[in-house]
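Working notes, beginning with the structure itself.
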Amino acid sequence: MKVAIIANTKKEGIRTILPTFVRDLGKYDIGAVLHENMTRILGGRFTFLPEDLLLDGVDMIISFGGDGTILRTAQLSLGTDIPILGVNLGKVGFLAEISPDEISHVPERLKNGKYTIIDRMAFTAETSSGDEYFALNDIVIDRSADTRILELSVSVDDLHAGDFAADGIIVSTPTGSTAHSVSAGGPLVMPECNVTVLTPICPHSLTLRPMIIDGSKKVGLHVLGGLGRMAVDGQSFVDVPAGSKVDIRMSENAVKIARFDDKTYFDILHTRLNWGVSPKLRNA
């Protein structure tokens, strides 16, 4: 087995965690190549490769950081079908499910195949200017530097769904339902579901609520008024002024996420969100 390692080099402890981890991989005959951005902090003790060569011949990508690191890794792995295992060195970390105290168990579990691969639905978004973007979490249109409220129109498979005024709208995958969408009042969605969540941001209406639609449907977002900004997974930002249109579809390329067999979706909700945890148990 051979793995590629990608890391957020700004995370605390990465200088000591990675050398130990790579040595432990070697004990189980698992080869490792590291992104070249780690050369400066780790020296010449390991094999470093540039992004265009990093994934050649590897069986898995291991991402050290937070969810942002996995979102960047997903962009890099687009179309390769190589699964991603996330080690959480950030704060919440719904995608990076391995906690720091579990790192030492990773090599043995990889060697023995004690993990499951889950396909995560993703989006392809196309703007009216013809530019395309890939998103694992969400596409968000919100107010840019202009402080005025946005006027938005939404369509589903070219059928007019509605017009409304709001601070913006979040179109999220099930994976992204635990990100910006849930903060705006959207539902939690199990990652195995192929659905799209539409969550208005501070709508100027008491009756406008989040909606779940079939993930195979195309969602059209039309900025009728105001100066908007489109955020793609919180990584890329594009101005979308009045008159702009964004079409969002399910991507042909799912993102494969590795999860250890002793973890469930609800375990992550319990530990990261305290969802469904009794206050008595939480304070025990």
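Quick notes
- Residue match in the range 205-222 (condition: more than 22 Å from L159 (Cβ to Cβ), crowded, with 17+ Cβ neighbours inside 10 Å, of a type outside the set (D, E, K, R) and at pLDDT below 95): no
- Checking the stated criteria, S129 turns out not to satisfy the condition of being among the polar types (S, T, N, Q) and at pLDDT 95 or above.
- Which listed residue is within 24 Å of H270 (Cα to Cα), assigned to a strand (DSSP E or B) and either touching a residue at least 12 places away in the same chain (Cβ under 8 Å) or not assigned by TED's automatic domain parsing to the domain that holds I70 (or both), from I212, I169: I212
- 1 or more residues out of contact with any His (no Cβ under 7 Å at 6 or more places or on another chain) and of a type in the set (D, E): qualifying helices (runs of 4 or more DSSP H) within the range 1-71: 14-27, 51-54
- One residue from G43, G57 being closer than 27 Å to I118 by Cα, loosely packed, with under 13 Cβ neighbours inside 10 Å and not acidic (D, E): G57
- Criterion: in contact (Cβ under 8 Å) with a residue 60 or more places away in the chain and either surrounded by 19 or more Cβ atoms within 10 Å (Cβ to Cβ) or not basic (K, R) (or both) - qualifying residue of V246, V197: V246
- On inspection, T20 passes the criterion of being modelled with pLDDT of 90 or more, out of contact with any strand residue (DSSP E or B) (no Cβ under 8 Å at 6 or more places or on another chain) and closer than 17 Å to S104 by Cβ.
- Exactly one residue out of L221, L269 is closer than 17 Å to A161 by Cα and outside any loop (DSSP other than H, G, I, E, B): that is L221.
- Options G168, G185; residue that is at positive phi, buried (at least 24 other Cβ atoms within 10 Å of the Cβ) and over 14 Å from the mean Cα position of the chain (by Cα): G168
- The residue that is farthest from the chain's Cα centre (by Cα), among those in the range 127-148 that are buried (at least 17 other Cβ atoms within 10 Å of the Cβ) and in a loop (DSSP other than H, G, I, E, B), is S144.
The values are calculated or read from the model by the stated rules, or taken from the named source; none is laboratory data. Keep in mind that this is a model prediction, so the values were computed, not measured. Positions of Cβ are backbone-derived with ideal geometry, glycine not excepted, and every protein chain shown enters the neighbour counts.
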